[in-house]
Amino acid sequence: MAKIGILIISTGEKYHDYIRPMIVSARQYFLKGHDKHFLLWTDSKDLHGQDFTYKAEDVGMPWATLMRYHLFLQQEEKLKEYDYLFYVDCDMLFVDNVGDEVLSDGITATLHPGYAYHYDLNSQVMFDRPFEPNPESEAFVYWPKHYFCGGFQGGISKNYIEAMKSCKRSIDRDLDKDYIARWHD
């Protein structure tokens, strides 16, 4: 049995109602049989039954998404207590079993459901996906085959914390140039 940290951000009143259903669905369907702990960053007064709550301001878009790694890394020592960490958008629901297949030996990434099949393998034509077009941005990727979403991601705690640090550094370098990537996660 692994110790799992599930990271959730819910800021802004319109997102508060999503917390409880997401947690209920995760308790029912996500990694059954493992020791799951919910870590919630929120400006809500209601604790929503999670294990740990951290104060977070409603900074709006794009900042709420863009700065998630900065927020999580403020609790880096706490995050190190877990075998695996998974970030889950608060407005998601688990609707069927998600098992040990997500327990990778490094980082777990999810193909974006809106773009997972937008690559024609026969003609090598890549259909329009929302990649960063600016080669000066840290988010720029040249001719990627897959587009991964930010709404569900994680992995072995040590690896995921290192990935968060790398993302934070890249975001900071873009912000130092007064630039925000086309997509923020």
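What follows is calculated from the coordinates using simple rules that are stated; it is not laboratory data. Since the model is a prediction, treat every value here as computed from it, not as a measurement. Here the Cβ is made from the backbone with ideal geometry for all residues, glycine too, and neighbour counts use every protein chain on show.
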* **Local net charge near V24, Cβ-Cβ under 13 Å (Lys/Arg +1, Asp/Glu -1)** => +2
* Asked: Which whole-angstrom value gives the distance between the alpha carbon centres of region 9-37 and region 55-99?
  -> 11 Å
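Counting other Cβ atoms within 10 Å, keep those with at most 10, restrict to DSSP loop, and tell me which trypsin sites (Lys or Arg not before Pro) in region 31-71 are left. Mind dumping the intermediate values first?
Details: sites: K32, K36, K45, K55, R68; in loops: K32, K45.
Hits after loop and neighbour filter: K45.
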* Exposure proxy ranking, count of Cβ atoms within 10 Å, fewest first, for W183, W41 -> W183, W41
* Show the residues, 5+ positions off or on another chain, whose built amide H is closer than 5 Å to the amide H of D58. => G12
* To do: Would you please give the residues with an amide H less than 5 Å from that of E132, counting only those at least 5 places away or on a separate chain, with H modeled from the backbone geometry?
  => V141
* Just check region 1-100 against the gyration tensor rule for me: Cα atoms, a ≥ b ≥ c as the square roots of the eigenvalues, rounded for a/c under 1.5, and otherwise prolate or oblate depending on whether a/b exceeds b/c. => oblate
* Amide H partners (placed H, <5 Å) of E138, local residues excluded -> D174
